[in-house]
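See below for the structure under consideration.
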């Protein structure tokens, strides 16, 4: 099995887990719904197609659409897979922790991975997307990773504007959005 095949497997497993959580988990206050939620899901789907489908819009190039001509060596490819697995693991831990806290009546989840960053699930996905784009070396994969990161950041900004209670405001001042231990000004 190649590193690329394992990356596809990891993304497939993540997608199945996301579907299960989307259907069974309680909705957290401040999450987007309706047409705006549909728009962000549509953008995420487009990003996933670019990231994983290896779309080839420039068929006449000599480099077979790669950002690096020789591709990623297998050794480095496996290192990228290990880090992607860790990123998915971090995202999964955050998701499980959030669900457990919400099921126990917690209104604001600020423990576990949420003590380090406000958006650990999205952080794990963004890191996994960047690692995937690096492994595939396709301009479209890189575009997919950038589109995913930008859409998640925009979604978070919109969601955070809707949560105006004092506890959420204090949490936003205390904990960085994506980069752990980032100075909070």
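The values are calculated or read from the model by the stated rules, or taken from the named source; none is laboratory data. Note that this is a predicted model, so its numbers are computed, not measured. No Cβ is skipped: glycine too gets one built from the backbone with ideal geometry, and neighbour counts run over all protein chains shown.
For the range 86-106, a tally of residues being surrounded by fewer than 16 Cβ atoms within 10 Å (Cβ to Cβ) and more than 16 Å from residue 175 (Cβ to Cβ) returns 8.
For residues that are under 25 Å from residue 86 (Cα atoms) and at pLDDT 85 or above, tally how many sit in the range 20-42. Going through the range 20-42 one residue at a time, the tally reaches 1.
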